[in-house]
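**Q** If you scroll down you'll find the structure; I have some questions about it.
The values are calculated or read from the model by the stated rules, or taken from the named source; none is laboratory data. Predicted model, so just to flag it, every value in this text is computed and none were measured. Counting neighbours? That spans all protein chains shown, and the Cβs are built from the backbone with ideal geometry, glycine included.
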Amino acid sequence: MDAINIGLIGLGTVGTGVVKILRKNRDLLLKKLNVPLILKKVAYKNLSRPRTVDLSGIEITNAEEIINDPEINIVIELIGGYEPAKTYILTAIKKRKHVVTANKALLALYGEEIFKTAMEYGVDVAFEASVGGGIPLINGIKEGLVGNNILCMFGILNGTANYILTKMTKEGVAFKEALKEAQEKGFAEADPTFDIEGIDTAHKLTILLSLVYGIPINFEQIYIEGIGNIDPLDIQFAQEFGYRIKLLAVSRQTAKGIESRVHPTMIPIEHLLANVNGAYNALLVRGDAVGNILFYGLGAGMMPAGSAVVSDVVSLSRNLIKGITQRVPLLSYLPEKREKKPILSIDELICKYYFRFSAVDKPGVLSKISGILGNYDISIESVMQKGRKINGQVPIVMLTHEAKEANVKAALNEIEKIEVVKAKPVFIRIENDLRIE
């Protein structure tokens, strides 16, 4: 094979990074492949937008022409969204072209169809940049940890949400102020819904679950809760108890099934994950053989995500040079060995909790709240009751011993209705099973 010809669909932030890396590191990549990577054609929507990368020698065209070009070996899809990205990918696969994508939302919702089609047509679909940006999570799990039964995963997988929570923690600002600054600095989109509501993190966890446990890709199985209701007061109380609040993706194998959840979580302040700040991502993976592995790095951005895309291009190019495909199963497990496994409802979760009640400052309030909690088998580990008033009420803050989520929700619903409690109770889950031995 004299050269590997590449077609790039999408020249946004990540696409621009891909072009820059392919040009800048051309000689380095040649030393590792012994075959040149030729970016033959690029398609992008807004032709009037000023280019921030040199495209000399590259044909500017449309997606259809890239997909139909018989000389193109690898199609890179970086436009995001569901359509026309899904159509482009499926059409490219049916033209027997290998595909690289960073589109986690598309894979989380339509991955089963895409990977089934790729297996049918005997091509590869690579997606390293879909989870963790420049961090080599996908290949690390598929190949580096292949000999391990993965016991659990804990991940900070969205840089926007992590930037906001870091800002709130370090400066004590409110959520809206932190979000506004994140948008001004380009860390958050004009519409940040997917990031702050935990949807983007859940897309990524969906992909990881399939790789780790060999289960079908199913976004609907993830419990999702965002960070929009996190108050600086709760961040402050968390720190007083020795915790930091992070938007955490959690998966754990249990005797009853697999936990799969995304929500704000209190993490021990000395833990490495509690100290992942700004736009950085991290994933703690615990294998039965290797123990704890921590992946850490920039989870998004032009060059980190571009690096992941180029790594996929090189991996697929090596397969092309050797004349092989699907040397590694697309979703880690052999297709015939993938199977459904029980996914636990969030109501089945058992963990420790943080509660904050806004109550009238009068005798007997604490005993009344404690009595209701006791009726639902929720025992209190520690209590903090400040004399300061906030909007006329006194905050009562508690940490519990382990309790069942269904009981917690029922108890808080009952407590909310008593006269001395003047606002909806706040609760945040606590994750202590994070120790790196």
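**Q** Kindly list, by first and then second residue, each pair from a residue in the stretch 298-321 that is closer than 20 Å to Ala3 by Cα and touching a residue at least 12 places away in the same chain (Cβ under 8 Å) to a residue that is buried (at least 18 other Cβ atoms within 10 Å of the Cβ) and charged (D, E, K, R), limited to pairs with Cβ atoms under 8 Å and residues at least 6 apart or on different chains.
**A** Sorted first by the residue in the stretch 298-321, then by its partner, the pairs are Val309/Glu128; Ser311/Glu128; Asp312/Glu128; Leu316/Asp124; Asn319/Asp124.
**Q** Next question. Check whether at least one residue in the stretch 229-249 is of a type in the set (A, V, I, L, M), modelled with pLDDT under 95 and either over 25 Å from Pro395 (Cβ atoms) or in a strand (DSSP E or B) (or both), and report yes or no.
**A** No; the residues of the stretch 229-249 include none that is of a type in the set (A, V, I, L, M), modelled with pLDDT under 95 and either over 25 Å from Pro395 (Cβ atoms) or in a strand (DSSP E or B) (or both).
**Q** Inside the stretch 278-304, can you point out the residues that are of a type in the set (A, V, I, L, M) and over 14 Å from the mean Cα position of the chain (by Cα)?
**A** Ala289, Val290, Ile293, Leu294, Met302, Met303
**Q** Just to confirm my filter: which helices (runs of 4 or more DSSP H) fall fully inside the stretch 130-222 and include at least 3 residues that are under 19 Å from Asn103 (Cβ atoms)?
**A** The qualifying helices (runs of 4 or more DSSP H) are 193-196, 199-213.
**Q** Continuing with this model, one more query. Do you know which of the residues in the stretch 42-69 that are out of contact with any Ser or Thr (no Cβ under 7 Å at 6 or more places or on another chain) and of a type in the set (S, T, N, Q) is farthest from Gly12 (Cα to Cα)?
**A** Asn68
**Q** Restricting the first residue to the stretch 407-422 and requiring it to be in contact (Cβ under 8 Å) with a residue 60 or more places away in the chain, which pairs with a second residue that is assigned to a loop (DSSP other than H, G, I, E, B) meet a Cβ separation below 7 Å and a spacing of at least six or different chains?
**A** Close Cβ pairs (under 7 Å, with a partner that is assigned to a loop (DSSP other than H, G, I, E, B)) amount to Val420/Val360; Val420/Lys362; Lys422/Val360.
**Q** Moving on to the next point. Determine, yes or no, whether Val314 is more than 23 Å from the chain's Cα centre (by Cα), within 27 Å of Val426 (Cβ to Cβ) and not polar (S, T, N, Q).
**A** Taking the combined requirement at face value, the residue does not satisfy it.
**Q** Please specify each residue of the stretch 259-314 satisfying the condition of being touching a strand residue (DSSP E or B) at 6+ places or on another chain (Cβ under 8 Å) and of a type in the set (D, E, K, R).
**A** Glu259, Arg261, Arg286, Asp288, Asp312
**Q** So if I check each of Ala300, Ala305, which one is assigned to a loop (DSSP other than H, G, I, E, B) and not β-branched (Val, Ile, Thr)?
**A** Result of the check over Ala300, Ala305: Ala300.
**Q** Another one. Please determine whether any residue of the stretch 283-301 is of a type in the set (Val, Ile, Thr) and under 25 Å from Leu8 (Cβ atoms).
**A** For the stretch 283-301, residues of a type in the set (Val, Ile, Thr) and under 25 Å from Leu8 (Cβ atoms): absent.
**Q** Take Ser358 and tell me if it is over 23 Å from Val125 (Cβ atoms), small (Gly, Ala, Ser) and buried (at least 16 other Cβ atoms within 10 Å of the Cβ).
**A** yes
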